[in-house]
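Peer 1: My questions all concern the structure below.
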Amino acid sequence: MNHLVTASQFDPKQLATLFELASEMQEMSQTSRGRSALMRRYHGRLVATLFYEPSTRTRLSFESAAYRLGMGVIGVENGTESSSAAKGESLEDGVRVVAGYADVIVLRHKENGAAMQAAAVSSVPVINAGDGAGGHPTQALLDIYTIQKEVGRLDGLNIVIGGDLKYGRTARSLAQILAQYPNNNIIFVSPPYLRVGDDIKHILRESQTTYIETDMLHESLAAADVVYWTRIQRERHDGTLQPVENYVIDQSKLDAMKRDAILLHPLPRTGEIVPVVDSDPRAAYFRQAENGLYVRMALLDWVLAKSAAHNHSKPSK
Ligand code: CP
């Protein structure tokens with residue numbers, strides 16, 4: 001079964017193929033002829049979006065992607081309260097049942113490892129749309145796609161990744177993918193109590209990706225090709241969060257960046273990038289969010305094409 005549960009399951013060759021498809025779909029989406037052709041691709045198929053945590057971008061871009069490929073969409077947007085999880089049904093039972101109604105399941109859940117649990121029992125592909133503070137692989141794929149488009153390469157980069165690196169799943173997944181490309185150097189910027197997990201540092205060491213950890217934001221910016229900024233994940237802290245100060249990207253921080261660097265953020269932002277920065281051409285986060293649509297169209301195509309190939313190769317009963 002062709003599940004997408006972790007950022008590290010793609011290699012650079014597969015990513016290049018995926019991004020070519022995303023680019024093609026982006027181009028096709030600009031013309032009515034192209035949009036009609038896309039609508040015929042998966043007519044009659046269904047995506048189930050099971051969201052047990054809030055979302056704007058991930059859920060709506062997946063649903064938009066499905067409609068644009070001619071698919072239908074079923075789903076729950078507040079699954080903890082509006083699905084039978086509220087009556088005590090296990091995630092596994094819910095997923096088993098929904099797999100009988102849809103061709104793909106897109107799952108967001110508050111527990112680390114939920115996507116893996118779902119994939120273990122699902123008879124249709126499961127796509128991880130964020131599981132707790134574990135990972136958010138489809139976000140990392142659109143982040144990487146954006147870097148490729150905006151900077152023109154995915155190797156030999158200095159990348160500042162900053163904010164809440166302890167609970168920020170997008171930062172974790174992005175680092176995992178960057179580790180697949182040679183000669184990248186990551187500067188993790190956070191207060192000491194919000195450092196990235198040892199599991200990610202292990203992956204970086206194994207792949208010989210260099211990294212440093214610092215709490216000095218301003219000093220880190222001058223050499224960066226990419227600045228990837230994230231919010232504090234207040235919902236994952238237990239009420240003892242220390243005040244986080246001086247982690248705001250404002251005009252003075254922008255002035256410290258290279259002229260050809262880019263500033264990314266998975267969004268939503270909650271004050272850590274001031275709006276005045278938005279009009280600078282280096283502020284790429286709204287372009288990044290739009291890219292998510294095309295990368296998710298390509299991902300739906302990827303899982304459905306692979307599961308069709310898998311079903312064809314099964315001996316008939
Ligand atoms: N970046 C991201 O995952 O946004 P949402 O939580 O709105 O889906």
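Peer 1: On a C-alpha basis, how far is the centre of region 76-129 from the centre of region 149-178 in Å? Whole number, if you could?
Peer 2: Answer, in whole Å: 28.
Peer 1: Go through region 157-259 and name the trypsin sites (Lys or Arg not before Pro) that are in a DSSP coil and have 13 or fewer other Cβ atoms within 10 Å of their Cβ.
Peer 2: Taking region 157-259 and a limit of 13 other Cβ atoms within 10 Å, the loop trypsin sites (Lys or Arg not before Pro) found are Arg259.
Peer 1: Using alpha carbons only, how many degrees (0 to 90, rounded to 10) separate the axis of helix 12-28 from the longest principal axis of the chain?
Peer 2: 80
Peer 1: Same structure again: Just add up the charged neighbours of Gly271: K/R +1, D/E -1, any other residue whose Cβ is under 11 Å from the Cβ of Gly271.
Peer 2: It works out to a net charge of 0.
Peer 1: Same structure, new question: So which of Lys110/Lys149; Lys201/Lys258; Lys166/Lys258; Lys149/Lys253; Lys13/Lys201 end up more than 29 Å apart by C-alpha?
Peer 2: Where the Cα-Cα span goes over 29 Å, the pairs concerned are Lys110/Lys149.
Peer 1: Rounded to the nearest 10 Å², what accessible area does Arg45 have for a 1.4 Å probe in the complete protein model?
Peer 2: Here the residue's solvent-accessible area equals roughly 80 Å².
Peer 1: Where only protein heavy atoms count, and the probe is 1.4 Å, what is the accessible area per residue for the chain in Å²?
Peer 2: 45
Peer 1: Using the charge dipole of region 1-61 (Lys, Arg: +1 at Cβ; Asp, Glu: -1 at Cβ; taken about the Cα centre), state which of Leu50, Gly34, Leu60 has its Cα farthest towards the positive end.
Peer 2: Gly34
Peer 1: Sticking with this one: Over region 88-130, what is the mean sequence separation of C-alpha contacts under 8 Å (at least six apart), divided by residue count, expressed as relative contact order in percent?
Peer 2: Worked out over region 88-130, it gives 46 percent.
Peer 1: Classify region 158-249 as rounded, prolate or oblate, taking a ≥ b ≥ c as the square roots of the eigenvalues of its Cα gyration tensor: rounded when a/c is under 1.5, otherwise prolate if a/b is larger than b/c and oblate if not.
Peer 2: oblate
Peer 1: Using a 1.4 angstrom probe on heavy atoms only, work out the carbon and sulfur share of the accessible area of the chain in %.
Peer 2: So the carbon and sulfur contribution to the accessible surface is 50 percent.
Peer 1: Now for a different question. Considering all projection directions equally, how large on average is the shadow of the alpha-carbon convex hull of region 19-110, in square nanometres?
Peer 2: That works out to 6.5 nm², a quarter of the Cα hull's surface.
Peer 1: Suppose R0 equals 51 Å. What FRET efficiency, 1/(1 + (r/R0)^6) with r the Cβ-Cβ distance, do Glu20 and Ala222 give to the nearest 0.05?
Peer 2: Computed FRET efficiency for Glu20 and Ala222 comes out at 0.90.
Peer 1: Exactly which GluC sites (Glu not before Pro) in region 43-91 are in a DSSP loop and have at most 13 other Cβ atoms within 10 Å?
Peer 2: For GluC sites (Glu not before Pro) across region 43-91 that sit outside H, G, I, E and B with at most 13 neighbouring Cβ atoms in 10 Å, the list reads Glu89.
Peer 1: Magnitude of the Cβ-charge dipole of region 149-241, K/R +1 and D/E -1, about the Cα centre, nearest 20 debye?
Peer 2: In debye, rounded to 20, region 149-241 gives about 220.
Peer 1: So, one more: Assign one of three labels to the chain, namely rounded, prolate or oblate, based on the Cα gyration tensor with a ≥ b ≥ c the square roots of its eigenvalues; rounded applies when a/c is under 1.5, prolate when it is not and a/b is larger than b/c, and oblate otherwise.
Peer 2: Prolate, since a/c reaches 1.5 and a/b exceeds b/c.
Peer 1: Any idea how far apart Glu111 and Leu60 come out in nm if each label point goes 7 Å out from Cα toward Cβ?
Peer 2: Computed distance between label sites Glu111 and Leu60 equals 3.0 nm.
The values are calculated or read from the model by the stated rules, or taken from the named source; none is laboratory data. Since this is a predicted model, take the numbers as computed values, not measurements. As a convention, Cβ positions derive from the backbone with ideal geometry for all residues, glycine included, and neighbour counts pool all protein chains shown. The area values use the complete protein model at the heavy-atom level, side chains included, leaving out ligands, DNA and RNA. Shrake-Rupley method; radii C 1.70, N 1.55, O 1.52, S 1.80 Å.
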